[in-house]
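Data block below; observations after.
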Amino acid sequence: MNHSAEEKADAILASSSVLPKGKKSKKNLTNKQDKPSSNEESNKLTEKQLRKLEWEKKLAEGLKAKAPDVDGTVSKAELREKRRLQQEAQRQAKALSTIKPTVNKQSQPQESPKLTPAKPIIKTSIEVEKKTLKKPHNVNKPNLKQVQLVRHLYVKPNSELQLRAVNFKGIPPVFVKLGVQYSEKVILGSNARSLALLAAVKGLISEIQIPPKQEFCRYVEAVLGTCTNYLQGCRPMAVSMTNALRAFKLQLRSIDTSLSDNQKRATLLESIDTYINNDIKKAWDAICLKVNTKIVNGDVILTYGCSSLIRNILLLANDYKKKFSVIIVDSRPLLEGREMLRRLVSAGIKCSYVLINGLSWAMRHSTKVLLGAHALLANGSVMSRIGTAQVALVAQAYNKPVLVCCETYKFSERVQTDSFVYNEIGDPERLLSIDTSSTPSPLRNQTENPKLNILNLLYDVTPPDLVTAVVTELAVLPCTSVPVVLRIAGENAV
């Protein structure tokens, strides 16, 4: 039968107090020292046995001091489990040292004379990962100032995109400058933005240096793709810009590969000039002549915002010595109508200037409405600056004809019935500044209000039912003729 070390020690101590049979105790021996024994061998045996008993007693006391204060002994399996737990704790501490978790020093296992196994209190990597998931970074949190209906339209701040683009080696300086002008609204209007883009492409072709063992057209297309991605990050590209780039890339891919690089360069520059003259400038002249026949003496023409095409139409009618007046309706925050007013007044045209809240009064005194367009969609809807749909709706209420002047290079295959699926969002802070009034905006103190979300859309969509006709360089067409024009243009391009 197996006994523990403590039981063995107690047994040895108990046995030391009882002398073996036939032997005398040490006390009796000391009392009888004066009486020498006749048997010397018996005395020597007794002293040897006493020394042995004292040694066994000391050994038992040492074993008892080293024995654990628990019921039963610590088995080898428990010792192995303790060593395994200690090694596991060391591995976890080493793995967590890279992410620096918060560990309580008091909770760490301390060495104890007791051999009872204790689990170390330390955070595992799974617990740290769960804690990280519960508290995500602020970047992933939705912005309270964003309108959830058009959340997909929000983009990153332009300053960060421009900073990354300036440090990017693949973008020429002419495109970096153009992107800043787009983002700061220095260049406004679809026609102006398209002309500026084509001018930048011409500068790129003139100054580009082709690396060795690189084909001219492929390299130009790759660089142009990087530049257009940068411009798209600064401000979403207009439909007219997309169509102009599509026409240029079509010419770039169809160029003769047997020509030298200088000949290819000259051919591309000539194709850009041809596109500007035929699709933009000649289209302006044709539209101006068509609309000029619709303007008669005594007309009061109402226009909205500032359209370069409408401005050319009115200036041409003034050159033809027609007697008419213009009512310019404007709206915040861009107030583009001020530039239109300045140009027309300097040309000697009689003008009136009102904000969009006085549209009903202005429409009552007008005879016809001329509007520009950002794009003409495939379903006949007109995409233009925000407020155009309201002007067309009020014109229909007053039974006034609405003529939309639009070049065919602004026609788009996209179908859109509202202003929320695809649009562009401007700076909401501009709506809080009122430069037309001496008093500050009452919303200026509410910018930090979490219940107030300010939305500044740049475009709206006018249904085709509100438009009388669309004047293009081809003819005066209904809005539903857009698919036909696009099909004819595609056949001619092939």
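The values are calculated or read from the model by the stated rules, or taken from the named source; none is laboratory data. Bear in mind the structure is a predicted one, so any value in this text is a computation, not a measurement. Here the Cβ is made from the backbone with ideal geometry for all residues, glycine too, and neighbour counts use every protein chain on show. With ligands, DNA and RNA removed, areas are computed over all heavy atoms of the protein, side chains included. Shrake-Rupley method; radii C 1.70, N 1.55, O 1.52, S 1.80 Å.
Limited to region 442-494, what total is found for residues that are at pLDDT below 85, open to solvent by less than 70 Å² (accessible area, probe 1.4 Å) and under 30 Å from L250 (Cα atoms)?
Here the count works out to 3.
Which of (1) under 35 Å from the mean Cα position of the chain (by Cα); (2) open to solvent by less than 80 Å² (accessible area, probe 1.4 Å); (3) farther than 20 Å from S307 by Cβ does K410 not meet, given it meets every other one?
Here K410 meets the rest and fails (3).
So, in region 346-386, of the ones that are farther than 20 Å from P401 by Cα and part of a helix (DSSP H, G or I), which residue ends up modelled with the highest pLDDT?
By that ranking, first place goes to S346.
Limited to region 177-189, what total is found for residues that are in a helix (DSSP H, G or I) and either of a type in the set (A, V, I, L, M) or open to solvent by less than 20 Å² (accessible area, probe 1.4 Å) (or both)?
Selection size over region 177-189: 5.
Can you tell me which of L334, L316 is of a type outside the set (S, T, N, Q) and touching a strand residue (DSSP E or B) at 6+ places or on another chain (Cβ under 9 Å)?
The unique qualifying residue is L334.
In region 357-387, how many residues are open to solvent by less than 60 Å² (accessible area, probe 1.4 Å), in contact (Cβ under 8 Å) with a residue 40 or more places away in the chain and closer than 12 Å to L302 by Cα?
9
If you go through region 413-436 one residue at a time, how many are open to solvent by 20 Å² or more (accessible area, probe 1.4 Å) and either in a helix (DSSP H, G or I) or among the hydrophobic types (A, V, I, L, M, F, W, C) (or both)?
9
Give region 309-343 a look and list any residue that's under 21 Å from C406 (Cα atoms) and of a type in the set (G, A, S), or say none.
If the condition is that a residue be under 21 Å from C406 (Cα atoms) and of a type in the set (G, A, S), then A317, G337 are the ones that fit.
Could you list, in sequence order, the residues of region 249-262 that are farther than 18 Å from L198 by Cβ and either of a type in the set (A, V, I, L, M, F, W, C) or open to solvent by 90 Å² or more (accessible area, probe 1.4 Å) (or both)?
If the condition is that a residue be farther than 18 Å from L198 by Cβ and either of a type in the set (A, V, I, L, M, F, W, C) or open to solvent by 90 Å² or more (accessible area, probe 1.4 Å) (or both), then T257, S258, L259, N262 are the ones that fit.
Test I327 against the criterion of being outside any helix (DSSP H, G or I) and of a type in the set (A, V, I, L, M, F, W, C), and give yes or no.
So I327 fits the description; yes.
Any residue in region 206-219 that's under 15 Å from T267 (Cα atoms): show its pairings with residues that are β-branched (V, I, T) and assigned to a loop (DSSP other than H, G, I, E, B) at Cβ separation under 7 Å, as long as the two are six or more apart or on different chains.
The qualifying pairs are F216/I210; C217/I255.
Are any of the residues in region 291-304 touching a residue at least 60 places away in the same chain (Cβ under 8 Å), open to solvent by less than 40 Å² (accessible area, probe 1.4 Å) and assigned to a helix (DSSP H, G or I)?
Yes, some residue in region 291-304 is touching a residue at least 60 places away in the same chain (Cβ under 8 Å), open to solvent by less than 40 Å² (accessible area, probe 1.4 Å) and assigned to a helix (DSSP H, G or I).
Yes or no: D460 within 36 Å of the chain's Cα centre (by Cα) and not in a loop (DSSP other than H, G, I, E, B)?
For D460, the condition - within 36 Å of the chain's Cα centre (by Cα) and not in a loop (DSSP other than H, G, I, E, B) - is met.
What residue, among those in region 190-246 that are among the hydroxyl-bearing types (S, T, Y) and closer than 23 Å to I386 by Cα, is most open to solvent (accessible area, probe 1.4 Å)?
Among them, the one singled out is T242.
Please go through (1) over 24 Å from the mean Cα position of the chain (by Cα); (2) open to solvent by 40 Å² or more (accessible area, probe 1.4 Å); (3) in contact (Cβ under 8 Å) with a residue 12 or more places away in the chain for T439 and return the number of the only condition it doesn't satisfy.
Condition (3) is where T439 drops out.
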